Each structure stands twice: as structure tokens, then as C-alpha cells.
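Each remark here refers to the structure printed beneath this line.
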Amino acid sequence: MRLYLECIPCYLRQVLEAMEMFTDDRDLKEKILREVLEAAADFNTEEIGLMTNAKIHRILKKYAPAGDPYKKEKERMNLICMEMTDEIAAMIEGSKNPFETALRIAIGGNIIDFGQGNDFKAQKIKSTIEYALMQELDGAMIIRLKENIARAKKILYIGDNTGEIVFDRIFIERFFPTDRTIFVVRGGPVMNDATIEDAQMVGMTGIVRVITTGLDMPGTILPHCSEEFLKEYENADLIISKGMGNYEALSSEDKNIFYLLKVKCPVIEDSFKGRYRLGDIIVDDLRYLKNNDR
């Protein structure tokens, strides 16, 4: 997806919120903001918006301790969701359709997105998951996804955020062929997106092979990804794309991709041309829909 002008104010809001996480120094904040504004002004509406977003966040990382303004909050999100593991497992095992329940929980976890704000506590996450269990979801798409998982020879599951990765792990270890599944994280810190350190922290690396995109960007922008990732991407016969950033980067791809996300942004809502609204959770196979004119 190309950059929309509405995205620029959202990126700047992210900067203001992120600075509050690591400094009270007003002079430093002004210095960072001036650099960010200069970078933001050099936007290109013909390229994917995530490129501008990445330039902005690289400036933030230059000044943040350990190069990651979100580090403590990412760890907090992982811990909160790890503490919910037994509760989530009981919900899945006690449900009439365990696969669908685990899927809904994994998508519900996509609410943990610091691009939309950073006020996340355990109760908010639990409430979102409870709501996700009741929201409308395309039953035919759920069946198609389950069938694709069963017959796939190689699955590439491209993750999104910290905290959320715990629910991905629960979903994967129960319903995916773990010997044929590769989980993908970011190649470096950006916002609250999951990295290899987060995959290790939540136990994902003990379940499946984990690789990175090679990018410190909140999305999988293929021309910039590592050779390792691109090789696995080309060889995969099923790709799971979690979250809005990955959807933005991959929505024009002609691959067998299932997009799992929560619609948290008007730009993303508009991209679906009326099929979904803000707050909806989605299981979507754009290629299938296009070919069948649904």
C-alpha cells in the first residue's frame, strides 16, 4: 500500500509517545522532533508508507537507550501475555471449536500495537480477546485456512507485535505442523514489534524455527528483506501474515497468503472497500476473493 497523507500525523504521534518512554529532557525532545519533521517532510506518496515510518523510527532509536525506546514496554507486554497462558489454554481446550478459538485469540492479540497508542494493561487485552471470541468472522475462510495448514509443505508465519506473539505461539503449537512451520520476526527493534529476543523470551524458538525479515521496519517490504527470508518466502506454499504492517507490505502479492489482523486504522479500513469496518477482526485471502469475485 502506498503512503497516505493521513499516515504522517499518526507517525508523528508515535514519536511524541515514544519520547515520553525514555526522556524528560525538553531540549532533547525538541532536537529529536526537528530531525523527525525533516525526515517526515521527505515523504513519497508513491512508495509504501512503512518506508517513511522506518526513517522516523530510526531517528528515535539513535537517541534511545540501547537503541530501543520500547524495550521495557515490549518486555512488559510479553510478561502480561505469558501470565495469561494457562487461562488462554483453558479457553481453547474448553471450546466447541478449539481451532477457531485459538485463531480468534491470536487475531485479538493484534490489538497490542503501540502504533495506535501505548496504554495496554492486562484487563484491556483480556477484554479485547473476549470480544474477539464473539465478533463476526468468515466461517468459510476459517475452514479454508485450516485446510491450507493441514496440506501445506512449508508454512511461513510472519508475526507482528510483542505480547501478541504469545498467542501466536499457543495457536502454532496446537494446530500447525511445527516441523514445517517457520516463524518470522523483525530484523531489529521498531516500535513494539517482535524481534528474535522476544521469540526467545516467550518460547517460540523452542517450538519452531525462527528467522527475521532482516528489516527494522514494521512490515515485510520484500525488496529490502534478507536473502534468507526471501528464499523461505519463495519456497513457502502457505504464508500467514499477522497485523496491519504486514498487510500493507504484502497485500498486492500474488501468493497463497492469509491475512490475520484487527482493523485499527481508517486507511486500512478503506483499503478493504467496505468489506470491513474499524474494530473488525479479519481472516482474509485476497487472492481467493479476487479469483472468485466475492
statement: Row for region 63-221, column shape: gyration tensor on C-alpha, a ≥ b ≥ c, rounded if a/c < 1.5 i.e. under 1.5, prolate if a/b over b/c, else oblate; value oblate
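Averaged per residue, what accessible surface does region 200-270 expose to a 1.4 Å probe, in Å²? All intermediate terms of the calculation are to be shown ahead of the outcome.
On the way: 2510 Å² over 71 residues.
Heavy-atom SASA per residue in region 200-270 reads 35 Å².
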field: Local electrostatic count, C265, Cβ distance below 11 Å [Lys/Arg +1, Asp/Glu -1]
entry: -3
- prompt: Going by alpha carbons, how many degrees (0 to 90, nearest 10) lie between the helix axis of 122-132 and the longest principal axis of the chain?
  reply: 50 degrees
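Going by a ≥ b ≥ c, the root eigenvalues of the Cα gyration tensor, does region 1-140 fall in the rounded group (a/c under 1.5), the prolate group (a/b larger than b/c) or the oblate group? Show your work: numbers first, answer last.
Values: a/c = 3.37, a/b = 1.77, b/c = 1.91.
Because a/c hits 1.5 or more and a/b fails to exceed b/c, region 1-140 counts as oblate.
How large, in Å, is region 10-62 by the Kirkwood hydrodynamic radius built from its alpha-carbon pairs? Could the numbers behind the result be given before it?
Working: mean 1/r = 0.0884 Å⁻¹.
After inverting the pairwise mean of 1/r, the radius is 11.3 Å.
Rounded to the nearest 500, what is the chain's calculated 222 nm mean residue ellipticity when only DSSP H runs of at least 4 contribute -39500 (n - 2.57) each, over all residues? Intermediate results must be reported in sequence, preceding the final value.
Details: 14 runs with 151 residues, N = 294.
The helix contribution divided over the chain gives -15500 deg cm²/dmol.
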task: Quick one: pull the percent of accessible area on the chain belonging to carbon and sulfur, 1.4 Å probe, ligands and nucleic acids left out.
output: 49 percent
- prompt: Roughly what angle does helix 7-22 make with the longest principal axis of the chain, taking Cα atoms, 0 to 90 degrees, to the nearest 10?
  reply: 80 degrees
statement: The local net charge around M51, scoring Lys/Arg +1 and Asp/Glu -1 for residues other than M51 whose Cβ lies under 14 Å from its Cβ, equals -2
- prompt: When Lys and Arg each count +1 and Asp and Glu each count -1, what net charge do the other residues less than 12 Å away from I207, Cβ to Cβ, add up to?
  reply: 0
query: Based on Cβ point charges of +1 for Lys and Arg and -1 for Asp and Glu, what charge dipole magnitude is obtained for region 165-294 about its Cα centre, in debye rounded to the nearest 20?
result: 420 debye
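What pairs from K72/K126; K29/K74; K126/K264; K154/K242; K62/K264; K74/K96 go past 25 Å between their alpha carbons?
On the way: K72/K126 21 Å; K29/K74 22 Å; K126/K264 17 Å; K154/K242 17 Å; K62/K264 28 Å; K74/K96 33 Å.
Where the Cα-Cα span goes over 25 Å, the pairs concerned are K62/K264; K74/K96.
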query: Amide H neighbours of L238 under 5 Å, counting only residues 5+ apart in sequence or on other chains, H built in-plane at 1.01 Å?
result: K154, L156
query: Does region 44-89 classify as rounded, prolate or oblate by the C-alpha gyration tensor (a ≥ b ≥ c root eigenvalues; a/c under 1.5 gives rounded; else a/b over b/c gives prolate, otherwise oblate)?
result: oblate
statement: Taking Cα atoms, the helix 26-41 axis meets the longest principal axis of the chain at an angle in degrees (rounded to 10) of 70 degrees
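Can you tell me, using C-alpha contacts under 8 Å and at least 6 residues apart, the relative contact order of the chain as a whole percent? Numbers along the way, then the final one.
Numbers: 465 pairs, mean separation 54.2, N = 294.
That works out to 18 percent.
The values are calculated or read from the model by the stated rules, or taken from the named source; none is laboratory data. Here the structure is a predicted model, which is why all the values come from computation and not from measurement. So basically every Cβ, Gly included, is an ideal-geometry build from the backbone, and we count neighbours across all protein chains shown. The accessibility values were calculated without ligands, DNA or RNA, using every heavy atom of the protein model including side chains. Shrake-Rupley method; radii C 1.70, N 1.55, O 1.52, S 1.80 Å.
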